[in-house]
């Protein structure tokens with residue numbers, strides 16, 4: 001089953017669970033994914049963008065080739081707006097800021113990404129503190145709003161790690177203590193806005209953060 005938030009003649013908005021692939025991976029054990037689940041209800045669904053396996057939240061899938069082309073163009077031309085919520089380890093010294101660090105794949109440790117000023121692709125993330133949270137054990141963490149301007153793989157996760165505040169539950173980039181605090185990656189795509197592929201009118205979809 002998949003949680004469908006909205007559908008019309010052009011696209012479907014789905015709520016991707018955490019620890020579910022966006023598209024099929026290699027091997028028979030990696031064929032279950034959000035795209036295939038959506039296709040059980042909307043057989044013509046086409047992939048437009050992806051969320052990390054460990055990330056939950058709002059995803060759009062096109063229902064026609066023309067809609068897919070229009071949505072792809074909106075993503076490529078940065079006409080979309082995405083907003084995430086996360087809980088990061090510790091407390092930043094500022095209430096908001098930006099991280100601009102180029103990223104590339106760490107080929108020897110795929111799918112991990114690393115900061116590389118020579119070969120990396122430009123990546124920009126704006127962040128804002130929403131609240132400071134304290135666990136029952138007295139550990140202080142911070143809920144943040146993250147706005148990626150670019151869409152690099154693992155961008156938010158690596159940028160938060162580079163700040164010294166990795167996202168809790170991140171099995172790739174957090175410390176063992178940070179991983180132990182949550183049984184899932186505490187990163188959720190809560191908002192997506194884009195020009196409607198048929199009318200060009202800006203549409204917005206929000207799936208509230210579940211943690």
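Would you call residue 90 at positive phi and either in the same structural domain as residue 165 (by TED's automatic domain parsing) or at pLDDT 95 or above (or both)?
Numbers: at positive phi: yes; either in the same structural domain as residue 165 (by TED's automatic domain parsing) or at pLDDT 95 or above (or both): yes.
Yes.
Residues in segment 30-83 that are in contact with a helix residue (DSSP H, G or I) (Cβ under 6 Å, 6 or more places away or on another chain) and either surrounded by fewer than 16 Cβ atoms within 10 Å (Cβ to Cβ) or outside any loop (DSSP other than H, G, I, E, B) (or both): how many? Can you show your working first?
Of the residues in segment 30-83, the ones in contact with a helix residue (DSSP H, G or I) (Cβ under 6 Å, 6 or more places away or on another chain) are 45-49, 61-62, 80.
From what is left, the residues that are either surrounded by fewer than 16 Cβ atoms within 10 Å (Cβ to Cβ) or outside any loop (DSSP other than H, G, I, E, B) (or both) are 46-47, 61-62.
Residues meeting the conditions: 4.
Outside any loop (DSSP other than H, G, I, E, B) and more than 12 Å from the chain's Cα centre (by Cα): is that true of residue 177 in this structure? Walk me through how you get there before you give the answer.
Values: outside any loop (DSSP other than H, G, I, E, B): yes; more than 12 Å from the chain's Cα centre (by Cα): yes.
Taking the combined requirement at face value, the residue satisfies it.
Take residue 3 and decide whether it is exposed (fewer than 14 other Cβ atoms within 10 Å of the Cβ) and within 22 Å of residue 169 (Cβ to Cβ).
On the way: exposed (fewer than 14 other Cβ atoms within 10 Å of the Cβ): yes; within 22 Å of residue 169 (Cβ to Cβ): yes.
The answer is yes for residue 3.
Specify the residue that is farthest from residue 189 (Cα to Cα); the eligible residues are those in segment 112-149 that are in contact (Cβ under 8 Å) with a residue 60 or more places away in the chain and not in a strand (DSSP E or B).
Going residue by residue through segment 112-149, those that are in contact (Cβ under 8 Å) with a residue 60 or more places away in the chain are 112, 145-149.
Those left that are additionally not in a strand (DSSP E or B): 112, 149.
Details: 112: 20, 149: 14 Å.
Selected residue: 112.
Could you tell me how many of the residues in segment 150-174 are over 14 Å from the mean Cα position of the chain (by Cα), part of a helix (DSSP H, G or I) and in contact (Cβ under 8 Å) with a residue 40 or more places away in the chain? Full working, then the answer.
Of segment 150-174, the ones over 14 Å from the mean Cα position of the chain (by Cα) are 161-166, 168-169, 171-174.
Okay, now just the ones that are also part of a helix (DSSP H, G or I), so 161-163.
Within this subset, residues satisfying the condition of being in contact (Cβ under 8 Å) with a residue 40 or more places away in the chain are 162-163.
Going through segment 150-174 one residue at a time, the tally reaches 2.
So residue 203 fits all but one of (1) outside any helix (DSSP H, G or I); (2) touching a residue at least 12 places away in the same chain (Cβ under 8 Å); (3) surrounded by fewer than 20 Cβ atoms within 10 Å (Cβ to Cβ); what number is the exception?
(2)
Given the criterion modelled with pLDDT of 95 or more, within 17 Å of the chain's Cα centre (by Cα) and within 30 Å of residue 10 (Cβ to Cβ), identify the matching residue among 73, 78, 83.
Details: 73 fails: within 17 Å of the chain's Cα centre (by Cα); 78 fails: modelled with pLDDT of 95 or more.
After applying the criteria, what remains is 83.
The values are calculated or read from the model by the stated rules, or taken from the named source; none is laboratory data. What you are looking at is a predicted structure, and each value in this text was computed from that prediction instead of being measured. Positions of Cβ are generated from backbone atoms using ideal geometry, with glycine treated the same way; all protein chains shown enter the neighbour counts.
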